[in-house]
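Quick notes on the structure that follows.
The values are calculated or read from the model by the stated rules, or taken from the named source; none is laboratory data. Small disclaimer: the values here were computed from a predicted structure and weren't measured. Note: ideal-geometry Cβ built from the backbone for every residue, glycine included; neighbour counts use all protein chains shown. Note: areas computed on protein heavy atoms with side chains; ligands, DNA, RNA excluded. Shrake-Rupley method; radii C 1.70, N 1.55, O 1.52, S 1.80 Å.
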Amino acid sequence: MTAMCSDGRAIHPYSASAAVVGRAMAFSPSAPSPSTPPPQLPHKLDTIRSMDELKQIQAAILKTPSPQSSPVLAKILSFCALSSPHIAHARSLLAHIDNPSLLMYNTVFHSLSRSNRSLVSTSIMFYEDMLEKGLRPDSFTFPYLVKLFANSQALQAGEALHAHAIKMGLDANVYVRNNLMSLYAVCGEVRSIWKLFDGFPERDLVSWTTLISGYTKAGLAKEAVEVFKEMLSENLRADGVTMVAVLSACAELGDLELGRNLHRYIGAREVDMDVFVGNALVYMYSKCGDVDSAYQLFNQMPVRNVVSWNSMISGLVNNREFKQALELFRQMQSEGIEPDAVTLVGVLNSCASLGALELGQWVHAYINRNGIEADGITGNALVDMYAKCGRIDRAMEVFGGMAHKDVYTYTSMIVGLAMHGRGEEALDLFAAMSSAGVKPNEVTFVGVLSACSHAGLVDVGLRHFESMSAAYGLVPQMEHYGCVVDMFGRAGRLDKAQDFISSMPMEPDAFIWGSLLGACRKHGDVALGETVAKRLLDVEPQEEGAYVLMSNLYTAGNRRSDGLRMRKAMRANKVRKTPGCSLIEIDGVIHEFRKGEELHPLAKEVYAMVAEFGRRLNIDSSQDEARHHSERLAMAFGLIGTRPDTPLRIVKNLRVCHDCHSVIKSVSRLYNREIVLRDRYRFHRFKDGWCSCNEFW
DNA sequence: TTAGGGTTAG
């Protein structure tokens with residue numbers, strides 16, 4: 001009856017020391033009896049601090065006439081799942097009890113299944129012990145074990161267990177089966193889920209729900225919705241959990257019509273609208289592009305938790321409502337709701353898009369202060385935020401400090417370097433990524449190819465383009481073809497660009513033609529430009545791009561009247577213009593300027609400042625069509641509103657025009673300011689009259 | 001002592 005204790009000492013359960021007995025006696029002064037357990041023991045177990053304390057209590061139990069039925073012993077066993085030395089202790093304890101009950105083993109499995117650690121082999125060990133003791137698993141044993149395996153996504157072990165359940169004749173039990181289905185769902189084994197669902201006549205709502213969410217997790221949202229419809233046709237009534245599952249399938253599909261119907265079903269069938277259902281609805285509406293409904297629902301929710309806020313914030317982010325996302329975050333703060341890592345990722349994405357460096361830095365500090373791991377998605381979001389806010393140095397720092405770099409980490413960094421015109425470094429990093437064994441994806445190649453394009457590395461870029469399919473099995477998409485066209489175009493190889501376009505396996509879109517037309521403008525090829533402009537107008541007749549580029553091209557080629565003709569045609573055809581918009585963050589507040597607009601409270605001062613640097617640079621304002629472009633307004637505001645040594649960071653939604661580019665260069669020298677401008681495609685860092693892009697953008 | 005649910009990037 002001697003067993004090894006976890007720390008290696010032999011213990012004998014029936015020879016507890018006098019001190020232990022004395023202590024135990026204090027708990028139970030009267031003669032111990034199984035029907036009246038010592039009243040203080042269970043309470044004591046909740047606050048137990050050391051193994052010694054536990055052993056003392058245990059020794060007292062084992063002295064009772066039938067220790068195996070003591071509820072305190074069961075408590076000790078569940079307590080033991082907390083750490084591996086304790087688990088070893090539980091095992092030795094079970095080993096020297098004469099007739100441990102199935103309940104005791106189930107207790108152990110239950111507590112093991114609630115642990116966050118991977119305990120697959122441990123539980124198999126207990127399971128084998130149990131069989132050796134001549135005990136047979138029941139319909140409780142399997143669900144615990146299956147859940148345990150599901151926690152670790154241990155598919156093979158799960159399948160073995162499934163086989164054993166069949167052998168024991170327990171696979172028909174609906175609990176066992178539903179558990180197995182969810183294990184297969186976690187592992188993405190759709191066929192196995194279906195077989196379990198389809199193979200037995202007895203199904204309940206849980207079986208249907210598990211099938212629906214299994215399909216959704218496996219990316220088969222359409223099938224999931226079909227299953228839901230079939231369920232309804234069998235006159236089953238969905239509850240909240242089922243609705244959450246099917247709403248998440250609906251969100252994947254982006255099917256707003258279906259989503260509204262599901263919402264109506266919830267109302268009509270009086271499905272309990274708990275916080276899960278509310279969150280799923282908010283997420284569904286925002287995923288389907290109906291942010292207003294999402295927001296309305298969010299505001300009506302009687303109970304909200306951090307996931308509700310996260311769903312709404314990330315919904316706004318997905319719909320590119322970044323300013324609103326940040327406003328909502330501020331509201332969340334003022335209501336005293338603690339953000340978690342998911343919240344902060346949404347906030348960081350918004351900061352990245354808006355160029356809100358100060359808030360982004362605040363989030364970084366918050367992450368550090370609260371011990372949130374800056375690895376994984378959070379770290380990736382930080383890298384992206386710093387890179388997009390113009391602090392490529394900080395992006396590198398965070399990147400360097402990350403222990404686990406995945407394809408997103410590398411891609412964010414590569415894209416960031418490319419945007420900063422640091423093409424060679426981007427390519428070095430791409431090489432390092434391969435050495436680290438991280439496989440690139442399509443987006444990585446957008447970064448690599450645009451790095452080549454911005455650095456003028458045509459041949460290197462072409463090699464990478466070809467390696468996409470040859471070495472990585474990736475299918476180049478429109479944006480990759482666009483990068484290559486851009487690459488040829490910038491390098492002035494317009495004929496090559498044309499050849500390349502005709503070799504494309506798909507119809508070129510507006511970006512492809514726009515890129516080639518931009519190259520025609522840059523290299524003054526009016527004849528080719530006219531052909532390309534026609535093609536661009538075929539693809540998108542209502543957009544301004546072709547008109548503006550052609551008008552500029554004519555004007556540059558001394559064909560002013562043709563240029564004016566384009567402007568007129570543009571007005572006549574009611575062409576849609578994307579208004580230029582620039583943002584600048586000062587003291588954590590984001591200020592927005594649109595071309596020619598005077599809505600800002602300090603508009604008067606801003607326009608006066610624009611006029612001032614126009615004068616000082618000797619620009620004839622009547623000839624300066626671009627004088628009220630949004631980036632100049634933002635720059636003027638920055639000059640007024642910050643100390644003289646503060647760098648200005650401006651984010652623009654369109655590509656910066658040539659006139660503004662040269663004005664900003666001059667302003668950087670005149671006012672001795674560093675000005676960092678992110679336009680639609682890349683960063684420009686202006687200093688002492690120079691720009692980091694070297695006129696290459 | 002038994003199962004099914006919502007939010008995270010380039």
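Give the peptides A:52-62, A:446-456 in descending order of average Cβ contacts within 10 Å, highest first. Display every interim value, and only then the final one.
Numbers: A:52-62: 19.3, A:446-456: 24.5.
The densest-packed peptide leads the list: A:446-456, A:52-62.
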Using just the C-alpha positions of chain A as equal point scatterers, what log10 of I(q)/I(0) does the Debye formula give at each q in 0.06, 0.07, 0.10 1/Å? -0.53, -0.68, -1.12
How long is the stretch A:110-174 along each principal axis, judged by its Cα atoms, biggest number first, in Å? 29, 25, 19
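With only alpha-carbon atoms in the gyration tensor, what are the semi-axes of the equivalent ellipsoid for the stretch A:443-483, in Å, largest first? Mind showing how you got there, number by number?
Values: eigenvalues 49, 24, 12 Å².
Computed over the stretch A:443-483, the values are 16, 11, 8 Å.
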For chain A, find the longest principal axis of its Cα atoms and tell me its angle to the long axis of helix A:51-62, 0 to 90°, nearest 10. 30 degrees
For the stretch A:422-464, restrict the atom set to alpha-carbon positions and state the Rg and Dmax in Å. 9.7, 28
Run a plain Debye calculation on the stretch A:584-691 (Cα atoms as equal point scatterers, no solvent) and give log10 I(q)/I(0) at q = 0.11 Å⁻¹, rounded to two decimals, same order as the q list. -0.28
If you stretched the chain out fully between A:Arg330 and A:Ile586, how much longer would it get, using 0.36 nm times the residue separation minus the C-alpha to C-alpha distance? 90.5 nm
More than 19 angstrom separation, counting every C-alpha pair in the stretch A:54-110; what % is that? 15 percent
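When the accessible area of the stretch A:213-310 is split by element with a 1.4 Å probe, what percent falls to carbon and sulfur? Can you show the working numbers first?
Working: 2410 of 4860 Å².
Carbon and sulfur atoms account for 50 percent of the accessible area of the stretch A:213-310.
Can you tell me the accessible area per residue over the stretch A:76-127, all protein chains present, probe 1.4 angstrom, in square angstrom? Before the final figure, lay out the partial values.
Details: 2070 Å² over 52 residues.
For the stretch A:76-127, the solvent-accessible area averages 40 Å² per residue.
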Explain nothing, just the number: relative contact order of the stretch A:584-691, from Cα pairs under 8 Å at least 6 residues apart, as a whole percent. 23 percent
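From the convex hull of the Cα coordinates of the stretch A:206-278, what is the mean projected area in square nanometres?
On the way: hull surface 17.2 nm².
Taking a quarter of the hull surface, the average projection is 4.3 nm².
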Extension reserve of the A:Asn694-A:Asn573 stretch, reckoned as 0.36 nm per residue once the Cα distance is removed: 39.9 nm
If you average 1/r across every pair of different Cα atoms in the stretch A:497-577 and take the reciprocal, what Kirkwood value do you get, in Å? 12.7 Å
Treating the stretch A:432-519 as a set of equal point scatterers at the Cα positions, no solvent, please give the Debye-formula log₁₀ I(q)/I(0) at q = 0.16, 0.22, 0.23 Å⁻¹. -0.58, -1.05, -1.14
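With each run of n ≥ 4 DSSP H residues scored as -39500 (n - 2.57), what mean residue ellipticity at 222 nm is computed for chain A after dividing by its residue count and rounding to the nearest 500 deg cm²/dmol? Intermediate values should be presented prior to the final figure.
Working: 36 runs with 441 residues, N = 697.
Using -39500 (n - 2.57) per qualifying helix, the result is -19500 deg cm²/dmol.
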If one compares the long axis through the Cα atoms of helix A:155-167 with the longest principal axis of the Cα atoms of chain A, the angle in degrees, nearest 10, works out at 40 degrees
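Of the listed peptides A:524-535, A:556-567, what is their order by residue-averaged count of other C-beta atoms within 10 Å, with the highest listed first?
Values: A:524-535: 17.3, A:556-567: 14.2.
Top of the packing list down: A:524-535, A:556-567.
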Can you give me the % of accessible surface on the stretch A:424-497 that is carbon or sulfur? Probe 1.4 Å, all protein chains present, nothing else counted. 53 percent
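How would you rank A:86-98, A:496-508, highest first, on the average number of other Cβ atoms within 10 Å across their residues? Spell out each step's value before the answer.
On the way: A:86-98: 18.6, A:496-508: 14.2.
Top of the packing list down: A:86-98, A:496-508.
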On the accessible surface of the stretch A:542-691, probed at 1.4 Å with all protein chains in place, carbon and sulfur together account for a percent value of 49 percent
Hey, what angle do you get for helix A:560-572 against the long axis of chain A, alpha-carbon based, 0 to 90 degrees rounded to 10? 50 degrees
